Amino acid sequence: MDRADFLGYWARVHDRTRRVLALLPERQLGWQAREDGFSLGALARHLATSERHLFVETALHDRSTMPGPDHPTPPPRTKAAILAMVDQLHAESVGLVEGMPAERWAARCRTPGRAEVRVDRWLQLMLEHEIHHRGQLYLMLGMLGIPTPPLYGLTAEQVQEVSHGPTPQAD
């Protein structure tokens, strides 16, 4: 996938994730599906920080700058602050990838696990990571009884309904 195609795909993936993040209930940002799992707020923060500090930094500089538990700045706790962080870090990430030299796009980077992978493939893994965690958000919101938008415009029931209807005639 060339960079222009990737950037377009990334924008669409992120837009779908951002729509789900907008549904996070302010009073339940600390809710977690299990004791040792991410809370809703922590999962949103994880998506933003890993995109910027893990995936993009590794793509550019072969190193992660993920903030650890001893980071001096406390993480945002309100929905507005979390969404502002998501938007800010995503904008930074997009700007850095757009400005990446063409030769770096096809170069190899060393991941935090010390594997070597092409930068364009590493950034595709970033999207897989986002999609994985978006699925967790859908599940967690569903567990809380919060309606979520269909991913691609139709619900599963609507797809089944149109799948068993009459076959459209070709023009």
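The values are calculated or read from the model by the stated rules, or taken from the named source; none is laboratory data. Quick caveat, the model's predicted, so the values are computed rather than measured. Backbone-built Cβ (ideal geometry, glycine too); neighbour counts: all protein chains shown. Protein only, heavy atoms only, side chains kept; ligands, DNA and RNA dropped before computing areas. Shrake-Rupley method; radii C 1.70, N 1.55, O 1.52, S 1.80 Å.
Restricting attention to the stretch 32-54, which residues are among the polar types (S, T, N, Q), open to solvent by 20 Å² or more (accessible area, probe 1.4 Å) and closer than 11 Å to Leu137 by Cα?
Initially, the stretch 32-54 is screened for residues among the polar types (S, T, N, Q), giving 32, 39, 49-50.
Going one step further and asking which of them are open to solvent by 20 Å² or more (accessible area, probe 1.4 Å), we end up with 32, 49.
Gln32, the sole residue that qualifies.
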* **the stretch 125-149 residues that are more than 12 Å from Leu43 (Cα to Cα), paired with ones that are open to solvent by less than 50 Å² (accessible area, probe 1.4 Å) and acidic (Asp, Glu) (beta carbon under 7 Å, 6 or more apart)** => Met126/Glu51
* Asked: Which of (1) touching a helix residue (DSSP H, G or I) at 6+ places or on another chain (Cβ under 8 Å); (2) assigned to a helix (DSSP H, G or I); (3) open to solvent by 40 Å² or more (accessible area, probe 1.4 Å); (4) of a type outside the set (Val, Ile, Thr) is the odd one out, the single condition Arg63 does not satisfy?
  -> (2)
* Structure fact -> Residues of the stretch 112-168 being of a type in the set (S, T, N, Q), in a helix (DSSP H, G or I) and open to solvent by less than 90 Å² (accessible area, probe 1.4 Å), in sequence order, are Gln124, Gln136, Gln158, Ser163
* May I ask you to list pairs of residues, at least six apart or on different chains, whose Cβ atoms are under 7 Å apart, with the first in the stretch 17-31 being closer than 13 Å to Ala80 by Cα and open to solvent by 30 Å² or more (accessible area, probe 1.4 Å) and the second being among the charged types (D, E, K, R) and at pLDDT 95 or above? => Glu26/Lys79
* Structure fact -> Counted residues in the stretch 83-111 being in contact (Cβ under 8 Å) with a residue 12 or more places away in the chain, in contact with a strand residue (DSSP E or B) (Cβ under 7 Å, 6 or more places away or on another chain) and open to solvent by 70 Å² or more (accessible area, probe 1.4 Å) come to 1
